[in-house]
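Laboratory data are not the source of any read-out in this text; all were calculated from the coordinates shown. Bear in mind that the values here come from a model prediction, so they are computed numbers and not experimental data. Cβ coordinates were reconstructed from backbone atoms using ideal geometry, including for glycine residues, and neighbour counts include every protein chain displayed.
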Amino acid sequence: MRLSYLTLLLFISLSAFAQSKDKTKNKKPTIAILGTFHFAGSPTDAASLKVDDMKSEKRQDEILELVDLLAKFKPTKVIIERPFTSKRADSLYAQYLNGEHKLHISETQQLGFRLAKKLNHNHVYPADTKMDLPFDELMNYLNNEGKMHEFQNMMNSIMQVMGEMQNIYNSNSLNDFLIYMNSDKNDDLNKNLYLEYINKIGTSSNPIGSDVVAKWWNRNFKIIRNIDEITKPEDRVLVIFGQGHTSIFKDFYKTRKDYNYEDITKYLH
């Protein structure tokens, strides 16, 4: 009789363990993605925002407000645009926690480091993969084939979009601008630059435009792989990357069945 009772207890315990294991196995992480501009400016880009002094009292107050709003998502990990294989970002973050590092003006530190500290995280998580795009080959093709007008048409469209974006940046808070920047409209504009212009450059025997686009998507798929490696089933991760990357990330994380996707802008209102 006693043996049967012990057997029953063992069976119940094993069943409970199996159910608990199944729940853990089926649990999905939650991801939110914030596209940003480079707070220090992008002097090497052909077209970029003219960024004002992000160290000014006004912008610093806006950054603190934005961090407070992002914290409402309650991420367990903050993923930033720094090299995946480098430990430097996490080392600087540890120094920051110890009062030994003054924040750089970059969005990775102004937003990423501040947010992680506010949430008492011990680490930040870099996920970037660097990859050179064959833009020199693209420009050589356009020059040699007398098709620089195609590049100029693309630049005219970019400058028109950037002019609108600059006006909105100049007249809005950082929070409101990032809501605008992360809209479906702006994500589509960013991706379509590659699809409507660059991908059409070249010929069937020399598809140089497609080579550029494929390399750009290749880089972003590798970053997505890094994000997946960082993320565990129980995590709520916030990815803070340049909007050129995040417009692509969102397309895939929104539809993946192994993640729950949340729109970060709902926390910014």
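Computed values, structure above
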read-out: Those trypsin sites (Lys or Arg not before Pro) in region 82-153 that DSSP places in a loop and that have at most 15 other beta carbons within 10 Å; value: LYS87, LYS102, LYS130, LYS147
read-out: Using alpha-carbon coordinates, inclination of helix 184-196 to the longest axis of the chain, degrees; value: 60
read-out: Point-charge dipole on Cβ atoms (K/R +1, D/E -1) for the chain, about Cα centre, debye to 20; value: 1460
read-out: Most to least packed among 30-40, 210-220, 158-168 [average Cβ atoms within 10 Å]; value: 30-40, 210-220, 158-168
read-out: Pairs of Cα atoms farther than 28 Å apart, region 53-209, %; value: 42
read-out: Fewest-first sequence of SER42, SER48 by Cβ atoms within 10 Å of each Cβ; value: SER42, SER48
read-out: Prolate/oblate/rounded call for region 194-269, Cα gyration tensor, a/c under 1.5 rounded; value: prolate
read-out: Relative contact order (%) - region 130-247, alpha-carbon pairs under 8 angstrom, separation at least six; value: 32
read-out: Alpha-carbon Debye profile of the chain, log10 I(q)/I(0) at 0.11, 0.12, 0.14 Å⁻¹; value: -0.70, -0.81, -1.04
read-out: In degrees, nearest ten, helix 2-26 long axis to first principal axis of the chain (Cα); value: 10
read-out: Helix 57-71 axis, angle to the chain major axis (alpha carbon atoms, nearest 10°); value: 40
